[in-house]
Amino acid sequence: MSTVNIPDEFDKIIKAMPLEERFLKLEEIFKTSKDESERWDAVWLAGEIPVEVGLKGPLFEKTTDLFAWVLKNDDNDVVRHEVCYQIAARNMRRIIPELAYAANYDPSPLVRHEATECLMIIRATDQIDAMKRSCQDENESVRNTAELVLKRMRRYKSKFNAESEWVSI
């Protein structure tokens, strides 16, 4: 069973597939499903793949690329919000620029808030300028999040080991 409440039948069918086949099925769901609830489930199932491969290797890189694609292309802000979390939770540092872009320019305040918060989770201390821009966001929640994140980044910048494999959430 997944760590989130995904219907057993969906979970079991997907998780019974070999990893490469599972990845392809989830990619298909992201790119063709009109059902945002199915795509939301796919975010969580895809987020398990990096853990299963030890946060390295070709499937980790493919999942990273897929999450970057979802962040840029999915039309549902809740799905994009969840992808932000997975990017940070799986320490997908290669796509920090995409996360920073979402923090400043995604049309949804929900996504901007989550991307901003996830920049802290992933310890993206090189994104101070993005956080400063977020402090000027039109949405109060995004501004408040950015101010908190910026304070934490400044406070802990010298203490973070941003290259560690696991991010403490």
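Per residue, segment 1-91 exposes an accessible area of 47 Å² to a 1.4 Å probe, with every protein chain left in place. Structure remark: mean-square fluctuation, Gaussian network model of the chain, C-alpha springs under 10 Å; the largest value among 128, 96, 13 belongs to 13. For the chain, the spherically averaged projection of the C-alpha convex hull amounts to 9.3 nm². Extending 7 Å from Cα along the Cβ direction at residue 152 and again at residue 37 yields two label points whose distance is 3.1 nm.
For residue 46, neighbours were defined as the other residues whose beta-carbon sits under 9 Å from its Cβ, and their charges (Lys and Arg +1, Asp and Glu -1) total -1.
Binning the C-alpha pair distances of segment 86-159 at 5 Å intervals from 0 yields a P(r) profile of 3, 20, 33, 25, 15, 3, 0 %, listed from the shortest bin outward.
When the accessible area of the chain is split by element with a 1.4 Å probe, what percent falls to carbon and sulfur? Taking all protein chains in place, the chain shows 50 percent carbon and sulfur surface. Give the calculated FRET efficiency between residue 136 and residue 15 to the nearest 0.05, with a Förster radius of 35 Å applied to their Cβ-Cβ distance. After rounding to 0.05, the efficiency reads 0.20.
The values are calculated or read from the model by the stated rules, or taken from the named source; none is laboratory data. Source: prediction; values computed, not measured. Please note: Cβ atoms are built from the backbone with ideal geometry, for glycine as well, and neighbour counts cover all protein chains shown. Ligands, DNA and RNA are stripped out before the accessible areas are found, and what is left, the full protein with its side chains, is counted by its heavy atoms. Shrake-Rupley method; radii C 1.70, N 1.55, O 1.52, S 1.80 Å.
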